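Asker: Before we start, here is the structure in question, set down as structure tokens.
All of the numbers you see were taken from the coordinates with simple rules; none came from a lab. Given the structure is predicted, the values throughout are model-derived calculations rather than measurements. No Cβ is skipped: glycine too gets one built from the backbone with ideal geometry, and neighbour counts run over all protein chains shown.
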Amino acid sequence: DNPAGVLPPGHPLSDGRLAGAPLLAAMTGQHADHHPVWFMRQAGRSLPEYRRVRAGMPMLQACLTPDLAAEITLQPVRRHGVDAAVLFSDIVVPLKLAGIEVEIVPGTGPVVEHPIRTVADVAALPALDPAALAPVAEAAARTVAELGGVPLLGFAGAPYTVASYLVEGGPSREHLRTRALMHAEPETWHALAGWVAGVTGSFLRAQVLAGASAVQLFDSWAGSLSLSDYRTFVQPHSAAALAAVADLPVPRVHFGVGTGELLVAMRDAGADVMGIDHRVALDTANERLSGRTPLQGNIDPALLFAGEEALQAHTLEVLRAGAQAPGHVVNLGHGVPPDADPDVLTRLVDFVHRQR
Ligand code: CP3
């Protein structure tokens, strides 16, 4: 166990090995030697070496096998030379570790055996035993031991996005049951989102204590909410999840898709850096955030398929717009598509690093 506010001995942020790491400089609004770049979903299906080591093993089992999870986390760092590793795991891992019956079905996504829809379902949600997070911490620790001067980013799903899988029972386009529940039974909703915030906050904290130097909260589906519903039903729970690591000196990134109307509310949940999807230009996002929040993003993933010339022109535009913000971490506007060509990503990293 650790006292509040104290990183364990040997943490990468305490021993100087990350001094000058461009990722952390950009996230804290300081000068970086080059533009830092990493990709959401950089570990995974676009890499042949990933498909080789994962072959025959279910996704969540791979996440909970520390050696394998560490190896998969390191693969894109070795191949692309990105400025951050992101732990190979999933937003539903803490649910699984709490005892929820959930699997990731290839080509579909997370599927929950018994959806959570009633006040009784919520009351019966299990507690997450902190000891159950050991395989996650072990994977992070083994990764960090190999990473040297590259920071590890930990992550979790935000309460709304995770709760949408619990309520719908699987992926859904509009999250109608979830959004209906907020209005039909606000107390049930708040109890559910509060439970997710606790579990997800513990998941974040375990990754940081094991060596992660920044974290990202993914509220991928928050773009389906109005600003009013976001503020009433979601923001307090996302704030609670982010608060789980607020006493530790790690930058907190908050990201969603289609969340142009929610950027200020999401920042005010306690984010140090805002992840921006490709629908909002970074200079526009910077204005909405009053010029005081470092940004991450937002190369349109479609441009990975548009040829080198178009991709480079778009990337230069992203860098130009991002330069308005107090700091800029280059990323895609959403995850790497599974059929993206890894060589395109490697060349993109090189291109970003060569720009001044
Ligand atoms: O970014 C990384 O490289 C780290 C690993 C990571 C995974 N999932 C691994 C994964 C991260 C950060 C996530 C987050 C995640 N998981 C989100 C938020 C990010 C986003 O993309 O919006 C969401 C919504 C999920 C839920 C989830 N898990 C989905 C929708 C899917 C895809 C299902 C499919 O097959 O299309 C998953 C599975 C998943 N998570 C894979 C990986 C590498 C694919 C599993 C496989 O290889 O079969």
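Asker: Test of understanding: ordering 263, 125, 95 by Cβ neighbours within 10 Å, fewest first, what list do you get?
Answerer: 125, 263, 95
Asker: Okay, next question. Which of rounded, prolate, oblate describes the chain, given a ≥ b ≥ c as roots of the alpha-carbon gyration tensor eigenvalues and a/c under 1.5 marking rounded, otherwise prolate only if a/b is larger than b/c?
Answerer: Cα axes put the chain in the rounded bin.
Asker: Once fully extended, how much extra length lies between residue 261 and residue 180, figured as 0.36 nm per residue of separation less the alpha-carbon to alpha-carbon distance?
Answerer: Separation in residues times 0.36 nm, less the Cα-Cα distance, equals 27.1 nm.
Asker: Roughly speaking, what is the centre-to-centre gap between segment 119-173 and segment 266-291 when only Cα atoms are used, to the nearest Å?
Answerer: Taking the Cα centre of each part, segment 119-173 and segment 266-291 sit 24 Å apart.
Asker: Same structure again: Assuming 0.36 nm per residue, please report the length gained on full extension of the stretch residue 268 to residue 67 beyond their Cα-Cα distance. Mind dumping the intermediate values first?
Answerer: Numbers: separation 201, 0.36 × 201 = 72.36 nm, distance 3.68 nm.
Gain on stretching residue 268 to residue 67: 68.7 nm.
Asker: Using a Förster distance of 30 Å, how high is the FRET efficiency between residue 246 and residue 355, based on the Cβ-Cβ distance and rounded to 0.05?
Answerer: Values: r = 33 Å, r/R0 = 1.12.
For residue 246 and residue 355, the calculated efficiency is 0.35.
Asker: If you don't mind, there's one more thing I want to ask. Please arrange 329, 349, 93 by how many other C-beta atoms lie within 10 Å of their C-beta, fewest to most.
Answerer: Result, fewest neighbours first: 349, 93, 329.
Asker: Please work out the FRET efficiency for the pair residue 4 and residue 309, using the Cβ-Cβ distance as r and a Förster radius of 56 Å; give the result to the nearest 0.05. It would help to have the intermediate numbers written out before the result.
Answerer: On the way: r = 51 Å, r/R0 = 0.92.
Efficiency for this residue pair is about 0.60.
Asker: Also, quick follow-up: Just check segment 101-233 against the gyration tensor rule for me: Cα atoms, a ≥ b ≥ c as the square roots of the eigenvalues, rounded for a/c under 1.5, and otherwise prolate or oblate depending on whether a/b exceeds b/c. Please report the intermediate quantities before stating the final value.
Answerer: Numbers: a/c = 1.98, a/b = 1.79, b/c = 1.10.
The shape class here is prolate.
Asker: With a 10 Å radius around each residue's Cβ, average the other Cβ atoms per peptide and rank 230-238, 333-341, highest first.
Answerer: Listed from highest to lowest mean packing, they are 230-238, 333-341.
Asker: Taking H placed 1.01 Å from N in the peptide plane, check which residues at least 5 places from residue 332 or on another chain put their amide H under 5 Å from its amide H.
Answerer: Sorted by chain and number, the residues that satisfy this are 40, 299.
Asker: By count of other Cβ within 10 Å, fewest leading, how are 59, 27, 266 ordered? Don't skip to the answer; put the middle values down first.
Answerer: Working: 59 20, 27 29, 266 26.
Fewest-to-most ranking of 59, 27, 266: 59, 266, 27.
Asker: Post the alpha-carbon centroid distance, segment 294-346 to segment 1-46, in whole angstrom.
Answerer: Here the two parts' Cα centres lie 20 Å apart.
Asker: Now a separate question. Please give the net charge around residue 186, taking every other residue with its beta carbon less than 14 angstrom from that of residue 186, where Lys and Arg add +1 and Asp and Glu add -1.
Answerer: -1
Asker: Can you run phi through the Karplus equation (6.51, -1.76, 1.60; θ = phi - 60°) for segment 243-255 and list ³J(HN,Hα) in whole Hz, with x for Gly and Pro?
Answerer: Working through the residues one at a time gives 5, 5, 10, 5, 7, 9, x, 10, x, 10, 9, 10, 10 Hz.
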